[in-house]
Amino acid sequence: MRAWLAGLWILALAGFVAVTPARAEISAKAQVAAMGPGINILGGYDPYWRGEPTTFRLKEDFRLAREAGFRTARIAVFTFPFLSAEGRLDPAWLKRLDAVVAEAEAQGLTVIIDEHDFEACAADVDACAVKLANTWYELSERYQGASDKVVFELLNEPHGKIDSVIWNGWLPDLIGIVRKTNPTRNLIVGPVSWNSLAELPNLKLPEADRHLIATFHYYSPFEFTHQGANWAPPNVEKLSGVRWQGQPAEIAAIEADFDKVSAWSQAQDRPILLGEFGAYNLRGKLEDRARWTKAVADAADRRSFARAYWYWDGGFGVWDEQKRVWVAPIRDALLGKSGS
């Protein structure tokens, strides 16, 4: 275990000498403005990350995403299974991540490396603290010379045993780890309770660090977006036939929620990424899902939030991997494209 892990983290956050190679600096606001519409793609659930056969076609699918109009790729990675007892990431796994980052950048995409071990962290706070610190020492050192199109997201959806007191207590140290080698790289940080917008007022970001982007996730109404999902609570898993038809009250609910985020953003002077939103396809009607997706995307765009749809393929997908065609109504709701 590394010497800097005495206790959990004992870090010299003041007086460090940055060793980052010279590169262009971009403000958090400019980064968000450049992100445009984004997509969560090639997440850590994919067998690619284990070195196993995958249906994802690295070069082709990133090209398809860019040609459709997506400008950002959020890559949800699980690092904890690939950490050694000494806190080092598996070299073969890192090479796979290198290939993903390189290909996304080659397509001109902003790349978000999102640490996605949220369930492991919710269950064991002490283990999470150590592994999360190790992860960001490894990744920040490896990508310290990367272009400003590479953005780090410290942890997806902190929840469970990680409450706002714990999370706010961790943030200065986690950010300090990255800042030792990446003093001006933009970082994405969200509140607890699965990045709930209701928890934004409790998120305490270091005031002096202006290279931070706040994020939230949006799946409301949950009874509509997750009906039939086997990971949802039983009362939602059993639901079917829940509609979302774009009635004035339904639109007003989204607008009211996004107004709250916008008010917080302006008061704190922090730009916003809507890091996830989507509606599951098992029992939701496609036309309803497309209507909801467009309403959410439009609400984000009107407030200058960047956004990343969940997900590329599968149950929420905008891409049908078996047929190798777009799920046109979802794609059109996100990007206004036509054809298949």
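The table for this structure:
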{"read-out": "Residue in the range 43-55 that is within 23 Å of Val178 (Cα to Cα) and of a type outside the set (Ser, Thr, Tyr) present", "value": "yes"}
{"read-out": "The range 35-83, subset among the polar types (S, T, N, Q) and surrounded by 21 or more Cβ atoms within 10 Å (Cβ to Cβ), residue nearest to the chain's Cα centre (by Cα)", "value": "Asn40"}
{"read-out": "Leading residue by the ranking (surrounded by the most Cβ atoms within 10 Å (Cβ to Cβ)) among those in the range 138-163 that are out of contact with any strand residue (DSSP E or B) (no Cβ under 8 Å at 6 or more places or on another chain) and either hydrophobic (A, V, I, L, M, F, W, C) or farther than 25 Å from Glu103 by Cβ (or both)", "value": "Pro158"}
{"read-out": "Residue list for the range 259-278, restricted to those being touching a residue at least 60 places away in the same chain (Cβ under 8 Å) and surrounded by 19 or more Cβ atoms within 10 Å (Cβ to Cβ)", "value": "Val261, Arg270, Pro271, Ile272, Leu273, Gly275, Glu276, Phe277"}
{"read-out": "Residue pairs meeting the criteria (Cβ under 7 Å; at least 6 apart or on separate chains; first over 15 Å from Gln144 (Cα atoms) and assigned to a helix (DSSP H, G or I), in the range 22-37; second at pLDDT 95 or above and basic (Lys, Arg))", "value": "Ala28/Arg210; Met35/Arg71"}
{"read-out": "Subset tally (residues that are over 20 Å from Phe56 (Cβ atoms), among the small types (Gly, Ala, Ser) and within 21 Å of the chain's Cα centre (by Cα)) for the range 84-105", "value": "0"}
{"read-out": "Within the range 84-98, considering residues that are surrounded by 13 or more Cβ atoms within 10 Å (Cβ to Cβ) and of a type in the set (A, V, I, L, M, F, W, C), the one nearest to Pro37 (Cα to Cα)", "value": "Leu97"}
{"read-out": "Hey, Arg142 basic (Lys, Arg), out of contact with any Asp or Glu (no Cβ under 7 Å at 6 or more places or on another chain), touching a residue at least 12 places away in the same chain (Cβ under 8 Å) and within 25 Å of Trp167 (Cβ to Cβ) or not", "value": "yes"}
{"read-out": "Qualifying residues in the range 230-245 (those that are without any contact (Cβ under 8 Å) to a residue 40 or more places away in the chain and in a loop (DSSP other than H, G, I, E, B)) - the one nearest to Ala295 (Cα to Cα)", "value": "Ala232"}
{"read-out": "Ser193 being at positive phi, modelled with pLDDT of 95 or more and in a helix (DSSP H, G or I)", "value": "yes"}
{"read-out": "Tabulated pairs, the range 57-73, first within 12 Å of Arg331 (Cα to Cα) and assigned to a helix (DSSP H, G or I), second among the basic types (Lys, Arg) and modelled with pLDDT of 95 or more, C-beta under 8 angstrom, 6+ apart or interchain", "value": "Ala68/Arg331"}
{"read-out": "Val325 among the hydrophobic types (A, V, I, L, M, F, W, C) and either free of Cβ contacts under 8 Å to residues at least 12 places away in the same chain or over 23 Å from Leu203 (Cα atoms) (or both)", "value": "yes"}
{"read-out": "Whichever residue in the range 74-91 is in contact (Cβ under 8 Å) with a residue 12 or more places away in the chain and touching a Ser or Thr at 6+ places or on another chain (Cβ under 8 Å) and, among such residues, is nearest to Arg331 (Cα to Cα)", "value": "Thr79"}
{"read-out": "Qualifying residue in the range 114-134 (condition: buried (at least 16 other Cβ atoms within 10 Å of the Cβ), in contact with a strand residue (DSSP E or B) (Cβ under 6 Å, 6 or more places away or on another chain) and β-branched (Val, Ile, Thr))", "value": "no"}
{"read-out": "Helices (runs of 4 or more DSSP H) completely within the range 246-340 that count 2 or more residues being over 21 Å from Leu197 (Cβ atoms)", "value": "286-302, 328-335"}
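The values are calculated or read from the model by the stated rules, or taken from the named source; none is laboratory data. Nothing here was measured: the structure is a model prediction, and the numbers come from that model. Don't worry about glycine lacking a Cβ; one is built from the backbone with ideal geometry, like all the others, and counts go over all protein chains shown.
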